[in-house]
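The values are calculated or read from the model by the stated rules, or taken from the named source; none is laboratory data. The model shown is predicted, which means the values in this text are computed figures rather than measured ones. As a convention, Cβ positions derive from the backbone with ideal geometry for all residues, glycine included, and neighbour counts pool all protein chains shown.
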Amino acid sequence: MANPSAPKKNHSLIEDFLAYVCGGLMIAMGVLLFEKVGIITGGAAGMALILSKVSPFSFGMSFFLINLPFYALAWMKMGARFTINSFFSVALVSVLSDYLHLFVEVNSIDPLFASVMGGFLIAMGVLAFFRHRSSVGGVGIMAVFLQERYGIRAGKFQMGVDLSILVTAFFIMPVNLIFLSIVGAIVVNLLLTLNHKPGRYQIT
């Protein structure tokens, strides 16, 4: 007889779906706060925010396009399930980010609070995807692969990438917004580093 207290081996489809919706909404809300005060974050989302500033593409379209090249790596190294889950997750975040303004309007917000709260929301959304065998693509795919295969902390890897993105931002953003972007990136990566460790989460 199965032990009811033993950890589950897999999430059900409904558990995955609910986690993706919750994660997608949290990330989209975090992006909304960042866009409101004009700051960026790291990872593929940071790349997409920069691209949306210098091109006619929206954040959602930029985010979706940037992630396309990473699916080949996901398919070869992480398997079909992870790749399909990530594709769905990225598409969900892209759509929610572009249309969340139809349901939520932010008229005024303190920029520092926006950077911290936006960072919290994005990090928790990313964790929701990670813990249900998915990612928000791009750097997330690479981070999960490096952690599972080589034990490199996902948060530490993403922090390195984020620093590179923030350096790029110096050429297109004012210094005060760069500072707020750094605060947001630290919040995101600190939460990921503390909460996404190999073996900590028992459900695969």
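Scanning region 75-91 for any residue that is in contact with a helix residue (DSSP H, G or I) (Cβ under 8 Å, 6 or more places away or on another chain), in a loop (DSSP other than H, G, I, E, B) and not small (G, A, S) turns up nothing.
Quick one: which of I39, I84 is on the phi < 0 side of the Ramachandran plot, out of contact with any His (no Cβ under 8 Å at 6 or more places or on another chain), among the hydrophobic types (A, V, I, L, M, F, W, C) and surrounded by 22 or more Cβ atoms within 10 Å (Cβ to Cβ)? The match here is I39. Once region 102-130 is narrowed to residues that are out of contact with any helix residue (DSSP H, G or I) (no Cβ under 7 Å at 6 or more places or on another chain) and not polar (S, T, N, Q), the residue that is nearest to S58 (Cα to Cα) is L102. Per the conditions (1) surrounded by fewer than 16 Cβ atoms within 10 Å (Cβ to Cβ); (2) under 21 Å from S164 (Cβ atoms); (3) within 14 Å of the chain's Cα centre (by Cα), the sole criterion not satisfied by C22 is (2). Of all the residues in region 167-187, those that are modelled with pLDDT under 85 and surrounded by 18 or more Cβ atoms within 10 Å (Cβ to Cβ) number 2. Among the residues of region 31-51, those that are small (G, A, S) and closer than 14 Å to V93 by Cβ comprise G43, A44, A45, G46, A48.
I'd like to know if region 53-60 contains one or more residues that are surrounded by 20 or more Cβ atoms within 10 Å (Cβ to Cβ) and either outside any helix (DSSP H, G or I) or modelled with pLDDT of 85 or more (or both). Yes: one or more hits.
Going through region 111-138 one residue at a time, which ones are part of a helix (DSSP H, G or I) and of a type outside the set (A, V, I, L, M)? If the condition is that a residue be part of a helix (DSSP H, G or I) and of a type outside the set (A, V, I, L, M), then P111, F113, S115, G118, G119, F120, G125, F129, F130 are the ones that fit.
Residues that are among the polar types (S, T, N, Q), at pLDDT 90 or above and under 21 Å from I40 (Cβ atoms) do not occur anywhere in region 118-139.
Somewhere in region 138-145, is a residue of a type in the set (F, W, Y) and touching a residue at least 60 places away in the same chain (Cβ under 8 Å)? Checked region 138-145: at least one residue is of a type in the set (F, W, Y) and touching a residue at least 60 places away in the same chain (Cβ under 8 Å).
Among the residues of region 149-162, count how many are touching a residue at least 60 places away in the same chain (Cβ under 8 Å) and more than 14 Å from V126 (Cβ to Cβ). Working first, answer last.
Start the filter on region 149-162 by keeping residues that are touching a residue at least 60 places away in the same chain (Cβ under 8 Å), which leaves 149, 158-159, 161-162.
Going one step further and asking which of them are more than 14 Å from V126 (Cβ to Cβ), we end up with 149.
Of the residues in region 149-162, 1 are touching a residue at least 60 places away in the same chain (Cβ under 8 Å) and more than 14 Å from V126 (Cβ to Cβ).
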